[in-house]
Amino acid sequence: MRRVVVTGLGMVTPLGSGVDATWSRLVEGQSGAGKITDFQVDDLACQIACQIPRGDGTNGTFNADDWMEPKEQRKVDPFIVYAMAASTQALRDSGWEPKTYEEQCATGVLIGSGIGGIGGIYEASATLIERGPRRISPFFIPGRLINLAGGYVSIEHGLKGPNHAVVTACSTGSHAIGDAARLIALGDADVMVAGGTESPVNRLSIAGFAACRALSTGYNDTPEKASRPYDKDRDGFVMGEGAGIVVLEEYEHAKARGATIYAEVIGYGLSGDAYHITSPSEDGDGAYRCMAAALKRAAIAVSEIDYVNAHGTSTPLGDELELKAVERIMGNAAGKLSMSSTKSAIGHLLGAAGAVEAIFSILAMRDGIIPPTINLDNPSVETAIDLVPKQAKRKQVNVALSNSFGFGGTNASLILRRVS
Amino acid sequence: MSDVADRVKKIVVEHLGVEADKVVENANFIDDLGADSLDTVELVMAFEEEFNVEIPDDAAETIVTVGDAVRFLEKNAA
């Protein structure tokens, strides 16, 4: 199998547009959460979310016009705009601009989303009911389909290789990177633009996730305190929006063109819980098996893992089950492991989460800094694992593992290693 | 330019993201203004909305230039 490395990073998150803006604020321990102000929330149990800071594009703000023409933005849901922004950032960062026909055919796209254009479906449904079918735009369908994020990105950058999309709820971003890496390893492509994107901050999504009892409801007046993985006062996740995209590349291809190599994708594991549509299996077995599968593929000892970027959504049940599964897999090496949940700061980006968190794992390796689990005042359980409470920590990270678990019992783990 | 023409022009500029000076009477939406087949469907919807008129599909097919749209709307809009 061919080796696969990461050569470009891009993201739009509730902490900012771009890797630098997001990472610096994450390491400082800032929260991206706030009160929702752009739609009615007074009748919703959850009234907060982590939203992208919008502005003119300076100081880390997100200006959609920098990434997609206004006339195109009008046709699509925001998840496609975020994917366009993060993909362009990642491709620029990688320095890869496929120009010849052969280069274009060797470069593909694999971008997923958990739900895709739910906001636009909601609005169009209202239009259909109130005004009839003749008022439904011809752009309604293509602007909501999940694989149209990858479709738009491929058209913008001339990427004619594999064009694929993943839909595995909150595991989407990790599955997208893992599957794309396999396409390169097996020779279907030399370069893949891969990751996840999500725009779930709208009235219908919040109502739906609140009905699942998945969202935090006790911190509507102190939103920045709401996402608190492992803390005894946690009460659900905080919805987030954004996109994370990486450029994956065959190792020799990257080396030959002198690309900056951030990390190698050495392990990817998948598993299913076969248990419940929204609850994780009670013994954490699904999480354990997917980490074990990734470790087997990576062919490393567990003690080589320095950092785990946890799924850690801040739900009462999930956090402890994941922690137990990690303790089980680490065995005696648990005492030297650091594991943080960056969802404490950016919220839960659903289908984008795994991709954004894989990038955070890579940045931890690059800078020797582990981002904190903010708001972790009183852990609900004792553990030998360092949960990196409240403050970032300096630590050399050579190998990192990133976990994602989704509704339906779909699990993915990625293992990334620094390339010296 | 007539009032109808001004309103048509504004819609075309907004929907197709083209410069206003390109939106002349004989400009073809697809050949000259970069529209695709979906854009033309949406343009007709926007004309219907702006002028509060229904444009049947067979009539919509005959509206291929800015001038076609202006003439149709001057004749049919209230």
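Selection over region B:47-78 of residues that are within 13 Å of chain A (Cβ to nearest Cβ), crowded, with 17+ Cβ neighbours inside 10 Å and either closer than 15 Å to residue B:5 by Cα or in contact with a Leu (Cβ under 8 Å, 6 or more places away or on another chain) (or both) gives a count of 2. Does residue A:289 qualify as being more than 21 Å from residue A:186 (Cα to Cα), crowded, with 21+ Cβ neighbours inside 10 Å and either at pLDDT 95 or above or touching a Phe, Trp or Tyr at 6+ places or on another chain (Cβ under 6 Å) (or both)? Spelling it out, it is not the case that residue A:289 is more than 21 Å from residue A:186 (Cα to Cα), crowded, with 21+ Cβ neighbours inside 10 Å and either at pLDDT 95 or above or touching a Phe, Trp or Tyr at 6+ places or on another chain (Cβ under 6 Å) (or both). Applying the set (1) in a helix (DSSP H, G or I); (2) more than 24 Å from residue A:199 (Cα to Cα); (3) not hydrophobic (A, V, I, L, M, F, W, C) to residue A:357 leaves exactly one unmet item: (2). Can you find a residue that is under 19 Å from residue A:197 (Cα atoms) and exposed (fewer than 15 other Cβ atoms within 10 Å of the Cβ) anywhere in region A:80-100? Yes, region A:80-100 has at least one match.
The condition of being basic (Lys, Arg), over 24 Å from the mean Cα position of the chain (by Cα) and assigned by TED's automatic domain parsing to the domain that holds residue A:175 holds for only one of A:92, A:54, A:135, A:144, that being A:135.
Of all residues in region B:24-42 being within 16 Å of residue B:72 (Cβ to Cβ) and more than 10 Å from chain A (Cβ to nearest Cβ), which is surrounded by the fewest Cβ atoms within 10 Å (Cβ to Cβ)? Ranking the candidates gives B:26 first.
Annotation: residue A:280 fulfils all but one of (1) at pLDDT below 95; (2) touching a Lys or Arg at 6+ places or on another chain (Cβ under 9 Å); (3) not hydroxyl-bearing (Ser, Thr, Tyr); the unmet one is (2).
The values are calculated or read from the model by the stated rules, or taken from the named source; none is laboratory data. All of these numbers come straight from a predicted model, not from anything done at the bench. No Cβ is skipped: glycine too gets one built from the backbone with ideal geometry, and neighbour counts run over all protein chains shown.
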